[in-house]
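Student: This is the structure I want to talk about, given as structure tokens.
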Amino acid sequence: MQMAVSVAGALLLGALIGLGVWWWRRRSRQRRRLIQLIESIAAQFQRDVLIPDGADGWYHVDFLLRTASGIVILDVRDVRGALFGGEHLSEWTVMDGHQRRTFPNPLETLYDRMAAVRAIVGDEVPVEGHVVLLARARLGTAAPPRTWLLEQVPDLAPPAAEIGDAYAQAWLAISTRTTPTPAELRRA
């Protein structure tokens, strides 16, 4: 009997480890795909950085890009299920089967991050911001403003090869003001 319990425990442990490896690989593939997309549309980018908020504080930025259209901030969200959100809603909802969860509207902090970057680069440089939903998400209704599905990212920006020196000075100004986000403050 004790042998059967030990074998069952070992099988269960093996299954849990296998599931954990599968989950980690899937998540890593999504992040690599996102980085490949970013590299195809950005002349330069920074990942997981802090930018000054103008009031002795900092904002975390998932991705900061120099593109042909200016400086772009990407707020990456890894949600699973149908997303229901809007610009003026305080919370967005994700429905996945019978599970429902909410999170604070990411556009509010995105607008703050955009203002912080504008304060660094000035009004002459276009600054955009977008919430990017990874592959497990789908839109339950119309997309909230400034919200992209991962598949839409390459269609909305020209290739990095076409950028040249556009906005290089602004990028230098931003690069000197950012600092890496400590690991404990990064979103998973």
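What follows draws every value from the coordinates through simple rules; no lab data is involved. Because the structure is predicted, anything quoted here is derived from the model rather than measured. FYI the Cβ positions are ideal-geometry reconstructions off the backbone, even for glycines, and counts take in every protein chain you see.
Student: Name the single residue, out of those in the range 94-127 being among the β-branched types (V, I, T) and in contact (Cβ under 8 Å) with a residue 40 or more places away in the chain, that is nearest to R177 (Cα to Cα).
Tutor: Here the answer is I120.
Student: Of the residues in the range 40-51, how many are farther than 28 Å from G140 by Cβ, crowded, with 16+ Cβ neighbours inside 10 Å and in contact (Cβ under 8 Å) with a residue 24 or more places away in the chain?
Tutor: Summing the residues that are farther than 28 Å from G140 by Cβ, crowded, with 16+ Cβ neighbours inside 10 Å and in contact (Cβ under 8 Å) with a residue 24 or more places away in the chain in the range 40-51 gives 8.
Student: Ok, one more. Read through the list (1) of a type in the set (S, T, N, Q); (2) over 26 Å from A68 (Cβ atoms); (3) out of contact with any Ser or Thr (no Cβ under 8 Å at 6 or more places or on another chain), then give the number of the only condition that Q152 fails.
Tutor: Tallying (1) of a type in the set (S, T, N, Q); (2) over 26 Å from A68 (Cβ atoms); (3) out of contact with any Ser or Thr (no Cβ under 8 Å at 6 or more places or on another chain), Q152 fails exactly one: (2).
Student: So, one more: Exactly one condition in (1) surrounded by fewer than 18 Cβ atoms within 10 Å (Cβ to Cβ); (2) under 19 Å from F45 (Cα atoms); (3) in contact with a strand residue (DSSP E or B) (Cβ under 7 Å, 6 or more places away or on another chain) is not met by D75; state its number.
Tutor: Result: D75 passes all but (1).
Student: Next question, about the same structure. Sort out for me the strands (runs of 3 or more DSSP E) sitting completely within the range 79-188 that have 2 or more residues that are among the hydrophobic types (A, V, I, L, M, F, W, C) and surrounded by fewer than 13 Cβ atoms within 10 Å (Cβ to Cβ).
Tutor: none
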